[in-house]
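*Asks:* Structure provided below as structure tokens; questions to follow.
Every number here is computed from the coordinates shown, using simple stated rules; none is lab data. If you're wondering where the values come from, they're calculated on a predicted model, not measured in any experiment.
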Amino acid sequence: MSVSVLSAFRRLTAACAVAAAVVGATALPASAVGHHQGRAHGVVYISGVRHDSTGRGARSNAALNRQWVAVSNESRRAVDLNGWTLSDAAGRTFTFHHYALGAHATVRVHTGVGRDTRSDLYQDRRSEVWRTADRAKLRNDRGRLVDEISWGQRRVVTHPRRGGHHHR
């Protein structure tokens, strides 16, 4: 009886090893699938945008802070964003200073003035940055383009990888 159990255990172990190898081989290319104009998808990316600050009090700080770009980290480790930049099509740039984005975390970079927290950073601007039709670019501390997203007429843009819609 114990030989039969041992034999069954070995077959099950071998089957699990083969299944793990197959899953590993098929999962690897999926992580390298491109997005946003064919670039390889990294662990840090632009996950959403809210650009509309029109309406009553559109120039108020509260309205400016309703404008934001979300940056997400889908890895298991924090990523040091010190020196990274977020810019619009007109070249207005926000630079991350002394900030690490936690594992599986998202930070919203608001346009107006505010007190920085782990989940919200503020550009401290007095006028809107993100236009109705615009582009957000995220660059690392070496100036390399990490991610880019553009939009047209929608108020909120979410990254297609997270089940949202990407509008150009």
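*Asks:* What are the ³J(HN,Hα) values, in whole Hz, obtained from phi via the Karplus relation 6.51 cos²θ - 1.76 cosθ + 1.60 with θ = phi - 60°, for each residue of region 116-131 in sequence order, with x given for Gly and Pro?
*Replies:* Rounded to whole hertz, the list is 5, 10, 5, 9, 9, 10, 10, 7, 6, 9, 9, 9, 5, 10, 7, 8.
*Asks:* Okay, moving on. Search the structure for amide H atoms under 5 Å from the amide H of ASP120, placed 1.01 Å from N in the peptide plane, and list their residues when 5 or more places away or on another chain.
*Replies:* So ASP120 has HN proximity to ARG108.
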